[in-house]
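A quick write-up on the structure given underneath.
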């Protein structure tokens, strides 16, 4: 990992605009609280992030979820542009909820390694920290995976295997070093002060260092940072 240099000013500017306005932050916190309160109590929310460049793959993902009764009801989409917001509202009236978080820097296309992607990773870590304040537990999911089975049924987060885990991560692979590496796209969080601090720490590191968030979280898991136990789903 190397110190962020060329994109440091961009990251610093974006972090201030995203999370330094407490009134705006409180408004978003309240939006999430209302959205999640409107969901069925038996549904663990699953947070999906997207912009217009990920809209088609996200629509396809949601269409595939309809194969599993009730699965779409779990999804709460966080969208970064008004176009995606409108299309989702019109296309998926059965979705668990939609929160429009206006982030101009994330309206544009981005990819791993550029400044906008670093902002995205930073935002995701900060968002997870915020969500620990408004709901007891939740999933973070991505649209780049086709489900063969219903995630919400095949993973029992209260099983003996996972009952002590504050965070449950997906695995990068099943052999060699990959079996010990976590994948950052899918994970489950039990809300607690410890898990809040875990993701605040990840966000702070991402703000100041050029890294992928799964590696940052993997390091925190190995350290058992803030007393957080990390569970890991076997590679399937």
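See the values below:
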{"read-out": "Residue within the stretch 17-24 that is closer than 30 Å to residue 157 by Cβ and at pLDDT 95 or above present", "value": "no"}
{"read-out": "Lone qualifier among 42, 58 - being over 17 Å from the mean Cα position of the chain (by Cα) and either surrounded by 18 or more Cβ atoms within 10 Å (Cβ to Cβ) or farther than 27 Å from residue 205 by Cβ (or both)", "value": "42"}
{"read-out": "Residue within the stretch 146-160 that is on the phi < 0 side of the Ramachandran plot and in a strand (DSSP E or B) present", "value": "no"}
{"read-out": "Residue match in the stretch 191-211 (condition: closer than 24 Å to residue 155 by Cβ, at pLDDT below 95 and over 15 Å from the mean Cα position of the chain (by Cα))", "value": "no"}
{"read-out": "Output for the stretch 84-128, where each listed residue is surrounded by fewer than 14 Cβ atoms within 10 Å (Cβ to Cβ), within 17 Å of the chain's Cα centre (by Cα) and assigned to a helix (DSSP H, G or I)", "value": "none"}
{"read-out": "Only listed residue being part of a helix (DSSP H, G or I), on the phi < 0 side of the Ramachandran plot, touching a helix residue (DSSP H, G or I) at 6+ places or on another chain (Cβ under 6 Å) and buried (at least 17 other Cβ atoms within 10 Å of the Cβ), chosen from 134, 216, 189", "value": "216"}
{"read-out": "Hey, residue 77 assigned to a helix (DSSP H, G or I) and closer than 19 Å to residue 123 by Cα or not", "value": "no"}
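Here is a yes/no grid of residues against (1) touching a helix residue (DSSP H, G or I) at 6+ places or on another chain (Cβ under 8 Å); (2) closer than 23 Å to residue 144 by Cβ:
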residue: 9; (1), (2): no, no
residue: 25; (1), (2): yes, no
residue: 28; (1), (2): yes, no
residue: 42; (1), (2): no, no
residue: 63; (1), (2): no, yes
residue: 72; (1), (2): yes, yes
residue: 80; (1), (2): yes, yes
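The values are calculated or read from the model by the stated rules, or taken from the named source; none is laboratory data. Owing to the predicted nature of the structure, the values given are computational and were not obtained by experimental measurement. Positions of Cβ are generated from backbone atoms using ideal geometry, with glycine treated the same way; all protein chains shown enter the neighbour counts.
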